[in-house]
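Asks: Here it is: the structure, laid out below.
Laboratory data are not the source of any read-out in this text; all were calculated from the coordinates shown. Values in this document were obtained by computation on a predicted structure and should not be read as measured data. Because the Cβ atoms are built from the backbone with ideal geometry, glycine has one as well, and the counts that use them run over all protein chains shown.
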Amino acid sequence: MLSITRQILPKTRGLAVLTSVRTKVTLPELPYDYAALEPVVCREIMELHHSKHHQAYVTNFNAAKEQLDEAVAKNDASKIISLQGALRFNGGGHINHSIFWKNLTPERTTPSDALQKAIIKDFKTLDNLKAELKVAAVGVQGSGWAWLGLNKKTGNLQVVQCPNQDPLAATTGLVPLFGIDVWEHAYYLQYKNLRPTYVDAIFDIVNWNDVSERFSSA
Ligand SMILES: [Fe+2]
């Protein structure tokens, strides 16, 4: 099938299309049902958030990536530069949400011993870490994320804000361990304007097993 595509397309465009076909990102399946995180996050939010919002980031990133491949093949510097915003926004949206779904679980979990040690070193207690994350999440102006990240240079855990869909690793160098999506699409249907209440509730469904694995892998 790929060889047929190559034959009917002009050489340069054909190669660009073939490259983008091979490298398309896809919407990951959720590791639980849409209703699994109730009552913290209702089914309707989860379904819209995953099947509409995340899907849109995937679709739009692939479209921008395809244009990028064509622009690179043509050595069109102006076009390449013009695509950076769409790539950052939609690629970031895909990266962030792919982590976010795994960061959550309906099951009760606790940080691993190694992560617990790091939390105590940098925040004294888990409650302090949650308090810092809450301040960061509630304080995001407009849309964005609060993250717990690992600074591999210092070995320290850090709490940071990211605006819009800026992905943590690509924009700060920190390894993302746990993110809180504070875009209104993540909570408004259920929590209306009460972002602090949503953030408090999110701590009840943190998948500390996943956060611990990200920490140990880093
Ligand atoms: Fe989101």
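Asks: Within segment 201-216, name every residue whose backbone N is under 14 Å away from a label modeled 7 Å from Cα of N151 along the Cβ vector.
Replies: From segment 201-216, the list is empty.
Asks: While we're looking at this one, here's another question. Between N209 and Y188, what is the FRET efficiency for a Förster distance of 25 Å, r being their Cβ-Cβ separation, to the nearest 0.05?
Replies: Result of the calculation: an efficiency of 0.30.
Asks: If packing is taken as the mean number of other Cβ atoms within 10 Å per residue, what is the order of 132-142, 57-67, highest first?
Replies: Packing proxy ranking, top to bottom: 57-67, 132-142.
Asks: I would also like to ask the following. Given Cβ point charges of +1 (Lys, Arg) and -1 (Asp, Glu) and nothing else, what value in debye, to the nearest 20, does the dipole of the chain about its Cα centre take? Before the final figure, lay out each step's value.
Replies: Working: 23 positive and 21 negative charges, 167 e Å.
Once rounded to the nearest 20, the dipole reads 800 debye.
Asks: How big is D, in µm² s⁻¹, for segment 98-193 by Stokes-Einstein at 37 °C and 0.692 mPa s if Rh is the Kirkwood radius over C-alpha pairs?
Replies: This corresponds to a translational diffusion coefficient of 233 µm²/s.
Asks: Send over the Kirkwood Rh of segment 177-218, from the inverse of the averaged 1/r over different Cα pairs, rounded to one decimal Å.
Replies: On the way: mean 1/r = 0.0876 Å⁻¹.
After inverting the pairwise mean of 1/r, the radius is 11.4 Å.
Asks: Largest first and to the nearest Å, give the Cα extent of segment 68-154 along each principal axis.
Replies: 54, 31, 28
Asks: So, one more: First check a/c for segment 142-218, with a ≥ b ≥ c the square roots of the eigenvalues of its C-alpha gyration tensor; if it is under 1.5, answer rounded, and if not, answer prolate when a/b is larger than b/c or oblate otherwise.
Replies: oblate
Asks: In addition: Enter the mean projected area of the convex hull around the alpha-carbon atoms of the chain, in nm², rounded to one decimal. Mind dumping the intermediate values first?
Replies: Details: hull surface 55.3 nm².
Computed as one quarter of the Cα hull surface, the answer is 13.8 nm².
Asks: To continue, here is another question. Give me a comma-separated list of calculated 3J(HN,Hα) values for segment 148-163, in order, Karplus coefficients 6.51, -1.76, 1.60 applied at θ = phi - 60°, integers in Hz, x for any Gly or Pro.
Replies: After applying 6.51 cos²θ - 1.76 cosθ + 1.60, I find 9, x, 10, 8, 6, 6, 9, x, 8, 7, 9, 9, 9, 9, 10, x Hz.
Asks: Once both axes come from the Cα atoms, what is the angle between helix 55-73 and the longest principal axis of the chain, in degrees from 0 to 90, rounded to 10?
Replies: 40 degrees
Asks: What shape does segment 24-72 take by its C-alpha gyration tensor, where a ≥ b ≥ c are the square roots of the eigenvalues and a/c under 1.5 counts as rounded, a/b above b/c as prolate, and the rest as oblate?
Replies: In terms of gyration-tensor shape, prolate.
Asks: Non-local amide H neighbours of F178 (under 5 Å, H modeled in plane, Pro and chain starts lacking H): which ones?
Replies: Residues meeting the criterion, in which the H sits 1.01 Å from N, are L148.
Asks: Going by the alpha-carbon gyration tensor, a ≥ b ≥ c the square roots of its eigenvalues, is segment 52-110 rounded (a/c under 1.5) or, if a/c is not under 1.5, prolate (a/b greater than b/c) versus oblate?
Replies: prolate
Asks: Then there is this: Expressed as an acute angle from 0 to 90° and rounded to the nearest 10, what is the orientation of the C-alpha long axis of helix 84-103 relative to the principal long axis of the chain?
Replies: 40 degrees
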